[in-house]
Amino acid sequence: MPFNSDNFFISRKKMKHFFLCWLLPLAIILSLVTVHASQPLLRNENGLKSAIFLSPAFFPGPGSVENRYYSNIDFPKGHIAIKEFNAEVVDDTGNPIPLYETYLHHWVVIRYYSHASAEAEGHSWDQGLQLSKFIVARNAGICQGNVLGQYYGLGSETRRTSTYVPDPYGLEVGSPSEIPDGHVERWMLNVHAIDTRGVVDRMGCTECRCDLYNVTKDEYGRPLAKDYTGGLYCCYDQTQCRLREGFEDVKRKLYLRYTVKWVDWDDSIVPAKVYIFDVTDSGKRTNSSKENARIGCKVEYGVESCGLAAMDNSGCIDIKRTRLVIPHGGDVIYGVAHQHSGGLGAALYGQDGRILCASLPIYGDGKEVGNEDGYIVGMSTCYPKPGSVKVVDGEVLTFESNYSSTQMHTGVMGLFYLLVADPQPTTVLLNRSPAHETIELSKYSWALALMGVGLVFGIAFGYRRRNDREVGYESLIM
């Protein structure tokens with residue numbers, strides 16, 4: 001079924017009955033499992049430091065792709081605990097750029113070590129460089145090699161997705177005991193942005209459909225598989241998505257503006273481990289560097305259209321699942337999923353079927369920045385009461401990612417970002433200052449939330465589309 005961006009937005013009239021019936025109970029349930037902006041986050045500002053940085057400038061023109069790697073970026077120095085990392089695309093006057101002009105496919109930040117005697121690499125990184133020059137200090141995730149090894153990373157949802165690490169936890173970096181002798185710690189930034197001004201199919205371009213980019217080989221000149229119709233291999237740096245005939249506009253000078261919040265490290269901070277899980281992870285691994293780096297975690301996948309017949313008889317939901325082993329357990333302190341347009345939400349389950357975290361997309365319904373119609377502009381997050389959600393060493397987790405399949409999607413992602421910390425004595429958690437951040441639901445509401453998540457997914461993923469044959473996507477969180 002051809003992708004038609006005009007069909008992307010669902011008719012609100014046709015959804016009126018659905019939302020009248022389900023909006024209130026759905027909102028009540030979601031209020032139990034989602035951290036909303038209206039929910040107070042009480043933070044200990046004593047010692048919390050904050051700095052705003054700009055990436056090097058990039059210069060997209062209409063339909064062009066910028067997929068740049070910048071090494072040795074500006075970043076806080078010393079032995080610290082990162083508490084928050086936020087980012088957005090802005091122009092040279094500091095004005096935020098809407099997603100329908102420049103789509104932020106993703107940004108990621110990676111920690112690495114380089115020789116102290118080496119000159120600073122500056123602000124450019126050829127992805128083809130031999131990484132033997134560097135030691136990547138990846139996260140605790142289980143993907144092969146350095147795949148999904150970043151500490152932070154988001155996409156279109158960046159403006160409305162909380163990344164704050166609650167007290168007494170933090171992401172420990174800059175520890176002298178971890179930095180190899182003769183090396184220094186540095187940070188690399190990857191920004192993948194697609195300028196969709198004047199393109200013939202805005203959503204097709206953001207989904208990196210190969211025919212719209214006229215690409216048959218990847219960036220290294222290798223032919224693409226015949227069944228590969230769209231994804232990262234077709235929208236690499238400096239590729240061009242098809243423009244409307246006669247459309248012209250100027251290149252723009254843009255930046256990724258990122259804000260880092262941190263505190264100096266001390267023994268009262270509990271270090272958290274970063275896990276990033278991929279729903280495409282097959283579990284296969286190889287010791288050969290000559291093998292495809294994505295033999296296990298493929299990072300992206302495609303969603304086939306369910307067809308008109310299926311629309312009449314089901315919810316047209318593409319459900320992808322995988323089972324993963326978490327090597328080291330502890331308390332789950334934060335969780336969030338990453339999906340692309342068409343995503344309906346994702347969930348991570350423990351070995352006994354208990355839900356660890358469910359994360360749902362927030363779709364925009366306007367033109368203003370942060371509320372762009374039809375785009376995922378945020379993802380709900382999980383902040384369990386410390387000690388209430390646990391995983392054990394070697395536990396087998398189930399990861400489920402759900403997309404609408406009313407029409408084809410290419411290059412979609414299903415990732416889950418999880419923070420896990422070693423269990424702490426109850427007295428440590430109880431003695432936290434009241435000024436520290438607490439995202440603590442009452443014991444009754446948290447129990448209801450866990451029971452209600454199944455209903456949320458049943459409503460969100462199971463409703464019929466009988467009257468919605470020209471459907472797109474509506475926000476599940478209004």
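Does any residue of the stretch 33-51 turn out to be at pLDDT 50 or above and either under 24 Å from the mean Cα position of the chain (by Cα) or among the hydroxyl-bearing types (Ser, Thr, Tyr) (or both)? Working first, answer last.
Kept after step one, since they are at pLDDT 50 or above, are these residues of the stretch 33-51: 45-51.
From what is left, the residues that are either under 24 Å from the mean Cα position of the chain (by Cα) or among the hydroxyl-bearing types (Ser, Thr, Tyr) (or both) are 50-51.
Yes.
Determine whether the stretch 259-267 contains at least one residue that is more than 27 Å from residue 57 (Cβ to Cβ), touching a residue at least 24 places away in the same chain (Cβ under 8 Å), in a strand (DSSP E or B) and aliphatic (A, V, I, L, M). Yes, some residue in the stretch 259-267 is more than 27 Å from residue 57 (Cβ to Cβ), touching a residue at least 24 places away in the same chain (Cβ under 8 Å), in a strand (DSSP E or B) and aliphatic (A, V, I, L, M). Restricting attention to the stretch 354-403, the residues being surrounded by fewer than 23 Cβ atoms within 10 Å (Cβ to Cβ), more than 26 Å from residue 91 (Cα to Cα) and small (Gly, Ala, Ser) number 3. Quick check: is even one residue across the stretch 111-125 modelled with pLDDT of 95 or more, within 21 Å of residue 235 (Cα to Cα) and not in a loop (DSSP other than H, G, I, E, B)? Within the stretch 111-125 (the criterion being modelled with pLDDT of 95 or more, within 21 Å of residue 235 (Cα to Cα) and not in a loop (DSSP other than H, G, I, E, B)), the answer is no, since none of the residues qualifies.
Among what's in the stretch 314-335 and is touching a Lys or Arg at 6+ places or on another chain (Cβ under 9 Å) and at negative phi, pick the residue that is surrounded by the most Cβ atoms within 10 Å (Cβ to Cβ). Selected residue: 332. Meeting the requirement of 2 or more residues that are of a type in the set (Gly, Ala, Ser), the strands (runs of 3 or more DSSP E) wholly within the stretch 311-374 are 330-339, 343-349, 355-359. Based on this model, can you work out whether residue 274 counts as closer than 30 Å to residue 390 by Cα, among the β-branched types (Val, Ile, Thr) and either within 19 Å of the chain's Cα centre (by Cα) or part of a loop (DSSP other than H, G, I, E, B) (or both)? For residue 274, the condition - closer than 30 Å to residue 390 by Cα, among the β-branched types (Val, Ile, Thr) and either within 19 Å of the chain's Cα centre (by Cα) or part of a loop (DSSP other than H, G, I, E, B) (or both) - is met.
Restricting to the stretch 234-253, name every residue that is touching a helix residue (DSSP H, G or I) at 6+ places or on another chain (Cβ under 7 Å) and either part of a loop (DSSP other than H, G, I, E, B) or among the basic types (Lys, Arg) (or both). Within the stretch 234-253, 235, 239, 241, 242 meet the criteria.
Taking the stretch 165-197, which residues are over 25 Å from residue 56 (Cα atoms) and not in a strand (DSSP E or B)? Residues satisfying the conditions are 165, 166, 167, 168, 175, 176, 177, 178, 179, 180, 181, 182. Being surrounded by fewer than 21 Cβ atoms within 10 Å (Cβ to Cβ) and at pLDDT below 95 is a property that residue 429 has. Within the stretch 205-233, restricting attention to residues that are of a type outside the set (A, V, I, L, M, F, W, C) and assigned to a helix (DSSP H, G or I), which residue is surrounded by the most Cβ atoms within 10 Å (Cβ to Cβ)? Step by step, filter the stretch 205-233, then rank; the result is 206. If the condition is being over 16 Å from residue 108 (Cα atoms) and part of a strand (DSSP E or B), then the stretch 59-82 contributes 64, 65, 80, 81.
Within the stretch 300-352, restricting attention to residues that are at pLDDT 95 or above and over 23 Å from the mean Cα position of the chain (by Cα), the residue that is nearest to residue 417 (Cα to Cα) is 351. Inside the stretch 231-256, residues that are on the phi > 0 side of the Ramachandran plot and within 26 Å of the chain's Cα centre (by Cα) make up a count of 2.
The values are calculated or read from the model by the stated rules, or taken from the named source; none is laboratory data. Keep in mind the model is a prediction, meaning the values are calculated, not measured. Ideal geometry is used to build each Cβ from the backbone, glycine not excepted, and the neighbour counts take in all protein chains shown.
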